[in-house]
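To start, the structure under review is shown below, and the notes come after it.
Each value in this text was obtained by applying a stated rule to the coordinates, not by laboratory testing. Small disclaimer: the values here were computed from a predicted structure and weren't measured. Backbone-built Cβ (ideal geometry, glycine too); neighbour counts: all protein chains shown.
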Amino acid sequence: MLLAAETASSLMSLGLTLPLWPLLSAALVGIMLASGRFRGMAHVAVIAGALVAAVLGAVWFVQLAPAGDGHGATGGVSMDIAPWFSLGDGQMVGFNYYLDGLTGVMLLVVTSVALMVVIYSVGYMKDHHGHRERGYERFFAFLGLFIFSMLMLVLAGNFVLLYLGWELVGLCSYLLIGFYYRKPEAAAAAKKAFLVNRIGDFGFALGIFALYQYILPHVQPGENALDYAVVFRHAAQLTADQVNLVCLLLFCGAMGKSAQIPLYVWLPDAMEGPSPVSALIHAATMVTAGVYMVARCGPLFANAPDALEVVTWVGAIGAIYAATMAMAQYDMKRILAYSTMSQLAYMFVALGCGAPDSAVFHLYTHAFFKALLFLGAGSVMHAMGNVIDLREFSGLRSVLPTTQRLMLIGCLALAGFPLLSGFWSKDEILHAALEHNFPVFVILLLTSFMTAYYTFRMYFLCFHGPLRLPAAAGAHPHDAPPVMVLPMTLLAAGAVLAGYLGVAIHWGSPLDSFLFVFQGHGWFHHYVHNGSMVVTPVEHGSGSAVLYYVSAAVGIVGIWMAWRRYGTAPQDEPDRKSFGPLWLLWHARYYVDEIFDAVFVQPLRALGRLFFAVDRAGVDGAVNAIGGTPRALGAVLRVAQNGMLQSYALTTALGIAVLALLWRFVGTP
Amino acid sequence: MEAIGLHILIFAPFAAALAIWSLPASRGDLAYRIALAVGGMVCAIGLGLWWVTTGDADALIGETRLTWVTIADTAAGAGVTIRYHVGLDAISAVLVGLTALLVPLSIACGAVSIRERATEYYAWLMVLTGAMFGVFAARDVLLFYVFFEFTLVPLYFLIGIWGGPERRYAANKFFLFTFVGSVITFAGILYLAIRAADGGAIDFDLLRLSSVSLSTAEQSLLFLALFCGFAIKVPLFPLHTWLPLAHTEAPTAGSVLLAGVLLKLGTYGFLRFSLPMTPEGAVAWAPLMGGLAICGIIYGALISWVQRDVKKLVAYSSVSHLGFCMLGMFSMMSAGLTGSVLYMVNHGINTGALFLVVGMIYDRYHTRDMDKLGGLARQMPVMSFFLIIFVLASVGLPLTNGFISEFTVLFAAYQSKVLGPAFGAMGAVGILLGAIYMLYMTGKVLFGPLNEPHGGPDLHNGRLKPDLTRREIAILAPLAALVLILGVAPKVLTNPLEPVLEARVLARVAPHVAPAAPSGRRMAALLPGAAAPEAP
């Protein structure tokens, strides 16, 4: 399906270049680095690239809006750009885009958060005296490369191109986690992130292979079997077993990228990267790629009930599992990392419960408030001289008032405080779970409570209580400079307001409209329905608002409990006393890293050593077997080695000729 | 015009070798310059010849056909004719292009490290160059065999004289293994030629030997005979044991050409000879071949992971990588064959480049032990940049050349009717294991705190800098550029390749691939206008 001619305006052809601008800016920085000139301008190039991308992203977002009331959904649009490589059988893999409402939302999220983070980084990557950190240019080049990769991921129009974006964002994640490569922890974390993701990618690749095998018999001449449009057109023709297998394999990739059980282990360690990276890659964009992919493959997953069941339960268990670990950490960024895993798990539950629009809605609101939280944590870290352990400081509201206010907004949004963006989207997911799977609903509700609790435990330990500073912070810590405050402020505005795109204003009784005014499923949902997404239609104006009150209460009680126990930033860890050994288990993160190492890594390495020993024995054994030959041959060769090249060549040729003749007369009867 | 170019490719290096040989031993610098000039010339010609190839399987570029040796056998009214018959189709042209690319780079990489007996060194390098072009250009099977064997000689001396501490042992091991294997291959070729002659005159024309009709049993045995020489060369697990030693002990140029070009003689042999000459045998043995390939992929990768010597790690990675190449070839699918040839080229570029980088590190620190060497990223940022690019290409990251070949090969193994999903899945384990050892190496060498042996780099009295010199950058930059170009536009290579592979190889083996299971109406569905044959 090609784009209709009348819509293919010059604006659109400019729009097609969207991912290339950040790539170009990264290349420019590379040239600056190689030539050694204008190095101080690295951030200008990448900000410009991100800005162009953000403008074009916003234009696309508007362009992709459904016409009229939104019920005239037109479906996705494929745009072929160039061929890439051939798969035989007349099948091609090309560079092509697939554009629909889901693409529009992702473009908006990626480009806007990226722009904020790039601007913030200008301040963050300098010390208090304005000196650029070592590797400043490299950092911005990688950011530019990441934005390009992420845009390719969301614009891709076929599964191989999706895989391309998927791997490239993984590469950028690797490079940026390992940004402080001299630190052994950072280098190890980078490697771990890449490898754990590769486990998922193994499944993802097999999913693509299997999909091709099953789809190929159904494709018509001229269709490429791995294009989204073709797959979605023929998805219904696959058998249930086929779709289930394909979806489960694809979901393996999602488990890696979106940090779900059991492939989540890389995400907490990824916090070794600079904080802006954590905000952009490990909270707002890259880690949501798995959610995006499952939502994108809606037409496949909709026919795969078993796979959806797995998605639901992986999500539900992951949500509460991550929350328990978040309750017992001291590293601010790790707490946020576990909360990211937990919130991504919410999105998977929504996907599993057949509400991909709610999953994408949560993805969208989460991007703003979680990016804000990470940037806020970065601001704390920047002021504290790179100390981020909550035991090292407290009472920072007096020295970092701006950061504290912005963090409060982010924490409230994450905790699901009423009327902030996280509240609206999380409630929808609870609603979907309630309709499909009651045990899962209970788990999620409990997790909501824990989320509010651990978020504010972190907040109080950091900003409340008596002022204590680590030695590394110096006597007078500085609050964030304007270049960092501006992007955080804009994200905070998003954290407050973004949710209103997804709620409907409906005056009614407080039982069917929250606070007389609000109902779920607003304009945002119409927007994302415009495309490949498969959603169970929701009747507007008939919903119940009761759940809104329940989840509001749960969030507020969680915050209140945290206030009761941690409001004065106590140093003796009340939870440790209350939960005892359980708390220690959470604190040690269930010893999963150690278990992985003992069960997978060490045995594999032992196998490698065994093979190596066998290999060496094989070499020596073989030599012994033909024992005398080398010596005899060596004697001959010593003659040849005296510079008599010609004679050797002649000997070989003659020998072959003699052999040929011998064979001719001996070999034929 | 093209014919003259092809003659120059084959004979100019031999002439240069003679010229260099006759120089006094003290003129190493002049020898280097002559070799580099000839290398540059063959590079231009070789790439030019590749550029003019088309997808027409019958049109050979620069074809020349001269009778070399005729042995008349009056009694039987027959005789033996050996011809100097050369010419390039798309398959051989790709490999000629790869050789042409790597030759000047491998000459240039010795500029600092080769100080002893330099004239001899460059003479042998030139001999090797001529022989490598000869192998790929040959259209007469016996001529192929002569060049095939002849490559052993210069490499034997390159390893044995300029290699590492265990060079003698490595050179003998290398020579014996490959020589013994190829003798059996030779017997197979002779048998085939005699069968083709059918009592008449014997000749070794490639196309003639590729269209002999043989019984199933004959094909099966003949496949095994050809297998012996080619599988050792590839090297296919478990016949690979000569490789790590030879690779590790060889001087950098030897490792580059060994990995980049000479291993491809094995895969080229399978593709050019085994598949078209014994198609039924190849299909029958394909599952075994696929199994060995997968063993090699996993085995090589796991061993790479436990190495301390960087060069040995890269050497074992070749065992793993060539497994992918063989897996694709024996899928008997168009995508697999194309992917396999792409894999040959890409492995040549990527592994060649890795050996070059390792050599550059070794020139400075005189060690390759990763326990003594680490955290070089800050010391050598330019080197790190290149190393990371080649590592990424090696692990098959999209937009690098490695991705296309790895993906198509695994894809083909999965879709194959002779191999199938289990093979695809097992092979795909390699994409994880490959990343493990490569990133392990990167982490050790580049990241972490700085760890330099001997208190810092040996700069050879000012001939080197702590980071890469301009000469070294000029060596690596073209390879890095190709990594990206072939990753984005692999069609440059595959457009002429695909039709030729289909005509010369797939058309021979396809009739012997069992008809697809019920799900496989796929081919029929794809042919426009062809009615799908509904099986009753």
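Assorted remarks:
- Summing charges over neighbours of residue B:380, with a neighbour being any other residue whose Cβ is under 10 Å away from its Cβ, gives +2 when K and R count +1 and D and E count -1.
- Near-label residues of region B:142-181 by backbone N, under 15 Å of a point 7 Å along Cα→Cβ of residue B:69: B:142-150
- Sites residue B:481 and residue A:568 - FRET efficiency at Förster radius 56 Å, r taken between beta-carbons, to 0.05: 0.35
- For residue A:614 and residue B:180, a Förster radius of 22 Å and the Cβ-Cβ distance give a FRET efficiency of 0.55, rounded to the nearest 0.05.
- Overall form of region B:2-524 per C-alpha gyration tensor (a/c, 1.5; a/b vs b/c): oblate
- Label-to-label distance, residue A:237 versus residue A:129, with points set 7 angstrom from Cα along the beta-carbon direction: 7.0 nm.
- Charge sum, other residues only, whose C-beta stays under 10 Å from residue B:434's C-beta, Lys/Arg counted +1 and Asp/Glu -1: 0
- Average partner coverage of A:603-611, which counts Cβ from other chains inside 10 Å: 5
- Separation in nanometres of the label points that stand 7 Å from Cα toward Cβ, at residue A:220 and residue A:546: 4.9 nm
- Per DSSP, loop trypsin sites (Lys or Arg not before Pro) in region B:267-331 with at most 14 further Cβ within 10 Å: B:308
- Local electrostatic count at residue B:246 - Lys and Arg +1, Asp and Glu -1, tallied over other residues with Cβ under 13 Å: +4
- The angle between the Cα long axis of helix A:305-326 and the main principal axis of chain A comes to about 70°, on a 0 to 90 degree scale.
- Rounded tilt (10° steps) of A:20-35 against the dominant C-alpha axis of chain A: 60 degrees
- The ranking of A:507, B:124, A:84 from fewest to most other beta carbons within 10 Å of each one's beta carbon is A:507, A:84, B:124.
- Sites residue A:512 and residue A:553 - FRET efficiency at Förster radius 22 Å, r taken between beta-carbons, to 0.05: 0.75
- Chain A - mean residue ellipticity at 222 nm from DSSP helices (-39,500 (n - 2.57) per run, n ≥ 4, rounded to 500): -21500 deg cm²/dmol
- Each Lys and Arg adds +1 at its Cβ and each Asp and Glu adds -1 at its Cβ; summed about the Cα centre, region A:198-305 shows a dipole of about 120 debye.
- Counting Cα-Cα pairs of the protein assembly as shown in 10 Å increments starting at 0 gives whole-percent bin shares of 2, 10, 18, 21, 19, 14, 9, 5, 2, 1, 0, 0.
- Sparsely packed chymotrypsin sites (Phe, Trp or Tyr not before Pro) within region B:1-31, loop by DSSP, other Cβ within 10 Å at most 13: none
- Residue B:215 paired with residue A:331, simple spin-label distance in nm, labels 7 Å along Cα-to-beta-carbon: 7.1 nm
- Computed from Cα positions, the angle between helix A:401-414 and the longest principal axis of chain A comes to roughly 80 degrees.
- Here the convex hull built on the C-alpha positions of region B:1-100 has a volume of 126 cubic angstrom per residue.
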